[in-house]
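Quick notes on the structure that follows.
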Amino acid sequence: MGIPERRTLGRPMPLSEAEFVILGLTNGPGFTANPCLADQVAWVRERHLLASAYAVVSLPDAAAVARHRTDGPYDGATRLGALANAGYQQALANVVTMRKAGLTTPVVCRRRAGPRLRVERRPGDQRGRRRGCGPGLPLRGLPRRDPLDPSPVGGGVVGDLALGLPGVAGGRADLPRRGAGRRCGDDWSIQGGTAVLGQWVETERDQDLTCPGTSAQLGRWFQQY
């Protein structure tokens with residue numbers, strides 16, 4: 001399953017002790033829906049978990065820009081306006097994907113009423129990514145820091161953008177869970193935004209923990225099923 005740039009890796013479902021999950025709306029770049037989303041939503045419902053969502057928002061190619069140049073609230077006669085309208089349509093496509101799968105979430109983070117957002121390079125480009133939650137449409141990205149690099153990542157994509165929105169902090173490869181928790185601190189501030197989750201990879205899964213002070217506010221970020 002998937003597209004040539006992003007075939008499924010056949011990785012396992014979340015651990016049985018998971019209390020919340022974050023579902024991907026896209027499979028690779030924008031305009032490419034996750035073909036497994038409906039099954040994943042059913043899995044969440046069966047277990048009555050908390051769920052949120054994220055989406056990958058990618059730079060539209062020339063065909064997408066031409067197709068959606070005037071399909072949105074921006075001035076499609078300008079280059080930036082045309083790009084913004086194509087991005088706006090990516091966000092709307094994610095909303096359609098959510099509705100078809102019966103997924104409701106208070107935010108999309110690319111991860112409050114919709115999906116979660118990543119800003120990242122295409123496969124093969126190792127310059128890192130940024131993640132965070134965007135309120136409404138169009139989706140907007142949040143930066144995070146790379147676990148192995150103290151400098152902000154994603155700068156080549158969105159520069160020094162600082163929206164002050166909540167985000168996700170990555171853990172260290174040598175201290176997966178503990179490292180993720182440590183990244184919640186102010187010294188790893190996500191460009192003005194407070195970290196909501198710490199993330200690490202273990203047992204072939206992306207795993208997350210809530211940062212201190214977040215647990216009492218989970219209803220802001222997750223839907224209870």
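Order of ASP39, ASP208, ASP75, ASP186 from fewest to most other C-beta atoms within 10 Å?
So the ranking, lowest neighbour count to highest, is ASP186, ASP39, ASP75, ASP208.
Quickly work out the ALA42-to-ARG178 label distance, labels modelled 7 Å from Cα along the C-beta direction, and quote it in nm with one decimal.
4.2 nm
Each value in this text was obtained by applying a stated rule to the coordinates, not by laboratory testing. Computed from a predicted structure; not experimentally measured. All Cβ positions, glycine included, derive from the backbone under ideal geometry; neighbour counts span all protein chains shown.
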